Structures are given as structure tokens and as C-alpha cells.
Amino acid sequence: QKVSVEVLDHLEHLALVDFRDWEGVERLQKAIQFADQLHEVNTDGVEPMDSVLEDRWCLYLREDDVTEGNCTKELLENAREKVEEYFVAPPGNIPLPKLEERETFLQGS
């Protein structure tokens with residue numbers, strides 16, 4: 001099944017993944033085909049769950065003991081950009097194309 005331009009645009013903005021080349025679109029279509037197999041699973045009589053661990057009375061967690069620390073200055077030396085004591089992340093890892101550019105690409109594929 002073909003993926004519409006609108007769906008590609010929405011997914012790119014959500015995941016910040018570039019689908020401008022045919023390889024990216026093909027990979028997405030294969031992922032959708034793989035996920036569509038879940039529709040074939042018979043779930044009659046199966047109640048929805050909030051968590052796969054909901055049948056346990058308590059979750060076993062490790063103690064949250066600090067073993068090292070006080071290294072904020074050294075860690076922030078790795079940051080390309082920082083504000084106060086925080087890393088500044090870019091707004092996205094790719095420049096997203098305009099919707100018209102993507103329509104042109106998909107028509108050629």
C-alpha cells in the first residue's frame with residue numbers, strides 16, 4: 001500500500017526522520033506491512049492492559065544509590081551548546097522539506 005504525502009509529512013514532523021528518498025519511503029512501507037500482521041492476531045476475550053507487568057503486586061527496583069557524582073562541569077564540557085547547567089538540543093536532526101517538494105518526489109517514484 002502506498003503512503004500518502006500527508007502521512008509522510010506528519011511522520012517526519014513527529015519522528016524527525018527524512019523520507020525524501022525512495023529508500024526511506026520503502027523502509028516505512030515495509031515497517032507498515034510488518035505491523036499489519038498484528039491485525040491477524042485473534043484478541044477475542046483478551047482484556048486491554050495498562051502494562052505488561054500489571055499482574056505483579058510490586059515491581060522490584062534497585063536502590064537508587066549515588067556511587068559517583070559531582071561531575072557536572074566535566075560532562076557539560078562535551079556540550080556543543082549549553083544554557084545554565086543544561087545541554088541544548090537542536091529542534092530536529094534534519095531540515096524538513098516543504099510539502100510541495102515531497103509531492104514532486106513521490107510523483108516520480
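The values are calculated or read from the model by the stated rules, or taken from the named source; none is laboratory data. Owing to the predicted nature of the structure, the values given are computational and were not obtained by experimental measurement. Accessible surface is based on the protein model in full, side chains and every heavy atom, while ligands, DNA and RNA are left aside. Shrake-Rupley method; radii C 1.70, N 1.55, O 1.52, S 1.80 Å.
Some points to look at:
- Residue-normalised accessible area of the range 1-41, given per residue in Å² at a 1.4 Å probe: 76
- Cα gyration tensor shape for the range 1-46, rounded if a/c is under 1.5, else prolate or oblate: prolate
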